[in-house]
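These notes concern the structure reproduced below.
We did not get these values from a lab; they are worked out from the coordinates using the rules stated. Every value quoted in this text rests on a predicted model; they were computed, and no experiment measured them. Neighbour counts run over all protein chains shown; Cβ positions are idealised from the backbone, glycine included.
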Amino acid sequence: MERNGLKKIDHIGIAVLSINDALPFYVDQLHFKLLGIEEVASQGVKVAFLEIGQSKIELLEPLSAESPIATFIEKRGEGIHHVALGVTDIESRIAEMKKNGIQMIHDKPVNGAGGAKVAFLHPKSAKGVLYEFCQKNE
C-alpha cells in the first residue's frame, strides 16, 4: 500500500569493510540470494544487493579512505548504515521534507546503485537515523 508517495522499505544498507569477506555469511549462512555487485563511483562505494523474500540488504564497501562509508566505519564500525524508503516521486518528497523543516543531505536527487535516483535525509532531523529516499525506474 502506498501512502504519500512512499511505497515500502526498499532496502537496509549495511556498511562493511569488505563485501568479499561479508558475502559468505549472508549467502552461505543466512541463505540470502545475491542479486549483483556494482561500483557507484559517484558515492565512493562498491555495493552488493542481497534478497530475502520481498526485502533487500545492500552491503556497502568503501572504495577509498575518503568515502563517506569509510568515515562511517571509522567512527562507528561496521553495521547498519541507512534505511532506504522506496518513493514514486523523489523530487516532491524532497520538497515536502524541506518545506516541513527537515534537513536534507541532498537537495536534489543523485545517482545511486542500479540506476536509482536517491537522496538522504540528515540524521539530525530523523532522531539519529539516516534515511534514504530511493526512486527506481520500474
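So the values come out like this:
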read-out	value
17 Å cut-off, amide nitrogen to a point 7 angstrom out along D107 Cα→Cβ, residues in segment 114-138	119-122
Equivalent ellipsoid semi-axes, the chain, via Cα gyration tensor eigenvalues times 5, rooted, Å	24, 18, 13
Net charge of Cβ neighbours under 13 Å - reference L63; Lys, Arg +1; Asp, Glu -1	-3
P(r) histogram, all alpha-carbon pairs of segment 1-82 included - 10 Å bins from 0, percent	18, 47, 27, 7, 0
Crossing angle, helix 90-99 versus the chain [Cα axis fit, 0-90 degrees, rounded to tens]	60
Helix-derived mean residue ellipticity, 222 nm - over the chain, DSSP H n ≥ 4, -39500 (n - 2.57), to 500	-5000 deg cm²/dmol
Selection from P123, L23, I12, by position along the positive dipole direction of the chain (Cβ)	P123
Too-long pairs where the Cα-Cα distance tops 29 Å, listed order kept, from K7/K99; K33/K124; K56/K127	K33/K124
